[in-house]
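Reading through the structure tokens given below for one structure.
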Amino acid sequence: MASPVAAAASGGAAAAAEGNTVYIPISELKELCTKSLSTLGYSTEETAVLLDVLLYAQLRGNNQGIIKITTGGMNRAAAAAPIAVERETRLSALLNGNAQAGMLVLHRAMTMAVEKAKSAGFGIVGTNNTSTSTGALGYYAEQVAQQGLIGIVFAQSPEFVAPHGAKQAIFGTNPIAIGIPAEKGPVVMDMATAAYAWFGLLEAKTAGRPIPGDVALNAQGQPTTDPNEVLSGGAIRVFDRSHKGSNLALMVELLAGPLVGAAVADKLEQRNWGNLLLAVDPELLGDAESIRARTQVVLDRVKGAERLPGVVLDRVKGAERLPGVDEILLPSERGNRVAAQRASSGMVPIEANLYHNLKVMASKADAGSTGKAAATAGASASKMKLETLLLHPAASSVTDPYDASGPPLYQTATFGQPSATEGGQFDYTRSGNPTRTMLEEQWAALEGGCRALAFTSGMASLAVVTKLVSVGGHIVAGDDIYGGTSRLLASVVPAGGVSVSNVDMTDISAVKAGIIPGKTQLVMVESPTNPRMQICDIKAIAAAAHAAGALVCVDNSFLTPLYQRPLDLGADISMTSGTKYVGGHGDTTLGLLAVKDAELGKKLYFLQNAEGAGLAPMDCWLALRGLKTMSLRMERSISNAEKIAEFLAGHPLVRKLNYAGRPQHPGAAVHAAQATSGGAMISFETGDLEASKMIVELTKLYKVTVSFGNVISLISLPCFMSHASIPAEVRAARGLPDDLVRISVGIEDAADLIADLQQAMDTALADKRRREASSSSSSGSASGGVSGSSGANGNGNGAEGAGTAAVLVAAHSREQELVQRIQQLESQLAGLNGQVSKPV
Ligand SMILES: *Cc1c(COP(=O)(O)O)cnc(C)c1O
């Protein structure tokens, strides 16, 4: 039953397994098709008929139908005139299609034949002069059978198929469909008399695939697997490669060709194709109800039903299945199941490019309309501000049948496949997950890239970027970079046979000098740098890198595309640690890459999948939620940061202030040219490790933690925390002082944040002055205490400051209180292995 014949007859089903399939709601497909057909000039009534025929095929897993719309197969002939009834009796009619669409003409023939069969018991209608395909004949046979009538349909088409024993094509693919009413619903056969679909040849040609070896001949009459050979003068064979199939094809040709006035030669050029449709009322031959019941008995016997409830016949036996056969399928049974499943899920698969083309075509119908769909569809969305796109992303390739206002969380590892041979859009979450796709698509749009990829962390994404460099290659990176990146480049990348140079990225001549022609494949940039907030000229660096054929990756974690757009500035890859402002709440880690080159995107996707570094669904969901408030959070944090920077600039304990948003910043001009904000990260030096530690410790609203971009404010000593993995000598050489304090400004009230910082800094300042006074009055006290306890990573490199003994000279009670507080802190610190923690 499930023979190659069925496969050939169902046309594109198998072919559709190739390529990228997306699932969309049936309602959306209908809307897109309706709009697209309207652009071809069909009336509303005509469009409804065409859509019905096309969807019948599409829902059954045969995408021959819809593809006709976008590939010109449904175009209205310029010469099209109204369908004319040229002959008519009570039982018959002949229609001149007058170059109208085949589906419209055959539909009209069907309606007439059914009317005749209902009134006179029999209707036969022939059609000629149709200029486009009639679509799946099974549609018409089923429609007739649904009316309780027997439907028989033939179609003739241009020369594609060779008669048995011949090498030239004479026949069309000449399908036959028969629909017969039965008790459990009509049984419908729809088969071509050809061994392979014409559409299948075109698909194989497009995909560069061979066809099976025994379905077609080349121009010399030899079997071939090359579709091009068949298309240039060869022929498809009949379905059974024997005289029987050939005879059947001939009969179809005669019934749907000469009988109805269609072309009998040069059929492709003449565009005069024919159909024959018969509708027969079973009542002509017996009691219709009993015929339906008895028909069902035969069907059940074929299926091998053991017991046949409701059947009065005695001792009917079903067919016994051969070993290894699970089920005997009736004609159309497989397609019916697929259609039923799609109808119940409301979703239908469609090849991704076809979907895209359909959307483009439909959008032409939208032109000028101001409907909701138009407002959020692709092109118009790109004109919107990023702040809006964060909340209203452009239409995703992931469609949600329930139109949920929050993104659906697909917390699953695997996805069922539509069939054993057909792959859906998703199969395994490592390779792809709808929630991740939604995040990646939205991020790509925000970055102005063509593709984005989400990883389990910023470092996972950067690790994948470094994999783009081949063995023997070279990477140029900055000398003031994120600690984790520094570790990756120093301790992981070299083991893979890739060398790394760290250069002063603020100096374009140092960057150029660091690039080794023919060897440097990647330049990694941060700006502002972490933690010293140095500014690097992204455009100039990109130009220098590209001149040497190297890729440029910009770590944009500090600013996100809201405030700095690396891809627009010439970078090939824009990287963002989404752990920071995207997640925004310190509750998830993730990394995002965006690219503007599809090929590069493919390479990165390959690595994401191969290494299994893709972000898990729940974290994608958190990131998607974070995006909704990202601009609000960043705006508030930045405005707070600007005020705090002002305060710090005036505080006597601040020896050097690093904030990219201040005009005094040495990189201010470059920064202003490439970014629209100074961000919410500030760092400063006090010149005194003791004082820096006290500030970090004594603030109450700033959590002592690594990372940044949290809604709450954070404070850290990078040398002991985020950047502790950089050896002390390297830090010293790079000018990264131990006393550097880094603040990530949150969204609290600015005045509260400043007051809190002020009390901590004033206390630290008083302590510093006291220490200075005591060390000048009592020299020789051993180093110990706080500075001695800071050696967590072997980095406690003797900041100035003596012990606590000297402070005992305090006279004032307020001072005594402070001294006690400091002692308390120090003893806590001494036990903490240098990793500072917040006193309660
Ligand atoms: C945090 C950070 C990273 C690493 O991101 P994770 O998500 O922590 O792996 C990379 N670069 C910069 C600038 C960062 O701040």
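The values are calculated or read from the model by the stated rules, or taken from the named source; none is laboratory data. None of the values given here were measured: they were computed from a predicted structure. Cβ: placed from backbone, ideal geometry, glycine included. Neighbour counts: every protein chain shown. Only protein heavy atoms, including side chains, enter the accessible area calculation; ligands, DNA and RNA are left aside. Shrake-Rupley method; radii C 1.70, N 1.55, O 1.52, S 1.80 Å.
Any idea which residue in the stretch 252-280 is nearest to ALA166 (Cα to Cα), counting only those that are of a type in the set (D, E, K, R) and surrounded by 14 or more Cβ atoms within 10 Å (Cβ to Cβ)?
Of everything passing the filter in the stretch 252-280, GLU253 is nearest to ALA166 (Cα to Cα).
So which residues in the stretch 180-196 are in a loop (DSSP other than H, G, I, E, B) and either of a type outside the set (A, V, I, L, M) or under 32 Å from the mean Cα position of the chain (by Cα) (or both), if there are any at all?
Correct list: PRO181, GLU183, LYS184, GLY185, PRO186, THR193, TYR196.
Tell me, please, whether a residue that is among the charged types (D, E, K, R) and surrounded by fewer than 24 Cβ atoms within 10 Å (Cβ to Cβ) can be found in the stretch 541-559.
No, the stretch 541-559 contains no residue that is among the charged types (D, E, K, R) and surrounded by fewer than 24 Cβ atoms within 10 Å (Cβ to Cβ).
Each row is one residue, and each column tells you yes or no for (1) in the same structural domain as ALA262 (by TED's automatic domain parsing); (2) open to solvent by 30 Å² or more (accessible area, probe 1.4 Å).
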residue: ILE69; (1), (2): no, no
residue: ALA79; (1), (2): no, yes
residue: GLN100; (1), (2): yes, no
residue: ALA120; (1), (2): yes, no
residue: THR127; (1), (2): yes, no
residue: THR130; (1), (2): yes, no
residue: LEU137; (1), (2): yes, no
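Looking at the structure I just gave you, is GLU642 closer than 14 Å to ILE743 by Cα, open to solvent by 50 Å² or more (accessible area, probe 1.4 Å), modelled with pLDDT of 95 or more and away from the ligand (no atom under 16 Å from the Cβ)?
Yes, satisfied.
Do the conditions hold for ALA145, that is, is it open to solvent by less than 30 Å² (accessible area, probe 1.4 Å), at negative phi and free of Cβ contacts under 8 Å to residues at least 60 places away in the same chain?
yes
Please name all residue pairs, on different chains or six or more residues apart, with Cβ atoms under 9 Å, provided the first residue is in the stretch 106-131 and is over 28 Å from ALA79 (Cβ atoms) and the second residue is assigned to a helix (DSSP H, G or I) and of a type in the set (Gly, Ala, Ser).
Once the first residue is over 28 Å from ALA79 (Cβ atoms) and sits in the stretch 106-131, its partners that are assigned to a helix (DSSP H, G or I) and of a type in the set (Gly, Ala, Ser) give PHE122/ALA113; GLY123/ALA113; GLY123/ALA117.
Table: residues versus (1) closer than 26 Å to ASP504 by Cβ; (2) touching a Leu at 6+ places or on another chain (Cβ under 8 Å); (3) of a type in the set (A, V, I, L, M, F, W, C).
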| residue | (1), (2), (3) |
| --- | --- |
| THR699 | no, yes, no |
| SER716 | yes, no, no |
| PHE720 | yes, no, yes |
| PRO727 | yes, no, no |
| ARG731 | yes, no, no |
| ARG734 | yes, no, no |
| PRO737 | yes, no, no |
| VAL745 | no, yes, yes |
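So, of the residues in the stretch 567-601 that are in a helix (DSSP H, G or I) and more than 18 Å from ASN433 (Cβ to Cβ), which turns out to be nearest to the ligand (Cβ to nearest atom)?
Among them, the one singled out is LEU600.
Take ALA452 and decide whether it is assigned by TED's automatic domain parsing to the domain that holds LEU615, farther than 23 Å from GLU729 by Cα and within 11 Å of the ligand (Cβ to nearest atom).
Criteria not met by ALA452.
Within the stretch 461-477, can you find the residues that are within 14 Å of the ligand (Cβ to nearest atom) and crowded, with 21+ Cβ neighbours inside 10 Å?
SER461, LEU462, VAL464, VAL465, THR466, ALA477
Given the conditions (1) in the same structural domain as LEU106 (by TED's automatic domain parsing); (2) part of a helix (DSSP H, G or I); (3) surrounded by fewer than 22 Cβ atoms within 10 Å (Cβ to Cβ), and given that ALA249 satisfies all but one, which numbered condition is not satisfied?
Looking at each condition in turn, ALA249 falls short on (3).
Assess whether ALA162 counts as being open to solvent by less than 10 Å² (accessible area, probe 1.4 Å) and within 25 Å of GLN222 (Cα to Cα).
yes
For LYS602, are the conditions met, namely being surrounded by fewer than 19 Cβ atoms within 10 Å (Cβ to Cβ), at pLDDT below 95 and in the same structural domain as LEU439 (by TED's automatic domain parsing)?
Considered against the rule, which asks whether it is surrounded by fewer than 19 Cβ atoms within 10 Å (Cβ to Cβ), at pLDDT below 95 and in the same structural domain as LEU439 (by TED's automatic domain parsing), LYS602 comes out as yes.
So ALA445 passes all but one of these: (1) touching a residue at least 40 places away in the same chain (Cβ under 8 Å); (2) not assigned by TED's automatic domain parsing to the domain that holds ALA598. Which condition number does it fail?
The number of the failed condition is (2).
What about LEU590, is it surrounded by fewer than 23 Cβ atoms within 10 Å (Cβ to Cβ) and among the aliphatic types (A, V, I, L, M)?
In short, no.
Given the conditions (1) farther than 27 Å from VAL582 by Cα; (2) open to solvent by 60 Å² or more (accessible area, probe 1.4 Å), and given that GLY497 satisfies all but one, which numbered condition is not satisfied?
Answer for GLY497: the failing condition is (2).
Residues to consider are SER119, SER133; find the one that is of a type in the set (Ser, Thr, Tyr) and more than 48 Å from the chain's Cα centre (by Cα).
Just a single option satisfies the conditions, and that option is SER119.
Among the residues of the stretch 715-738 satisfying the criterion of being in contact (Cβ under 8 Å) with a residue 40 or more places away in the chain and touching a Phe, Trp or Tyr at 6+ places or on another chain (Cβ under 9 Å), which is farthest from the ligand (Cβ to nearest atom)?
ASP738
Conditions: (1) within 19 Å of LEU701 (Cβ to Cβ); (2) surrounded by fewer than 19 Cβ atoms within 10 Å (Cβ to Cβ); (3) in contact (Cβ under 8 Å) with a residue 12 or more places away in the chain; (4) charged (D, E, K, R). ARG633 meets all but one. Number of the miss?
(2)
Taking VAL696 as the residue in question, decide whether it is open to solvent by less than 30 Å² (accessible area, probe 1.4 Å) and more than 15 Å from the ligand (Cβ to nearest atom).
Yes; evaluated as a whole, the condition is true for this residue.
Cβ-Cβ under 9 Å, sequence separation 6+ or interchain: first residue in the stretch 479-492 and closer than 12 Å to PRO531 by Cβ, partner among the hydroxyl-bearing types (Ser, Thr, Tyr) and more than 11 Å from the ligand (Cβ to nearest atom). Which pairs?
Between residues of the stretch 479-492 that are closer than 12 Å to PRO531 by Cβ and residues that are among the hydroxyl-bearing types (Ser, Thr, Tyr) and more than 11 Å from the ligand (Cβ to nearest atom), the close pairs are ASP480/THR506; GLY483/SER725; SER486/SER725.
With respect to GLU269, determine if the residue is outside any strand (DSSP E or B), closer than 25 Å to ALA219 by Cβ, free of Cβ contacts under 8 Å to residues at least 24 places away in the same chain and not hydrophobic (A, V, I, L, M, F, W, C).
Criteria met by GLU269.
Within the set of pairs 6 or more residues apart or between chains, which connect a residue that is in contact (Cβ under 8 Å) with a residue 60 or more places away in the chain and surrounded by fewer than 24 Cβ atoms within 10 Å (Cβ to Cβ) inside the stretch 174-201 to a residue that is of a type in the set (D, E, K, R) and not in a loop (DSSP other than H, G, I, E, B) with Cβ atoms less than 6 Å apart?
Hits for this filter: PRO181/ARG292; ALA182/ARG292; GLU183/ARG292.
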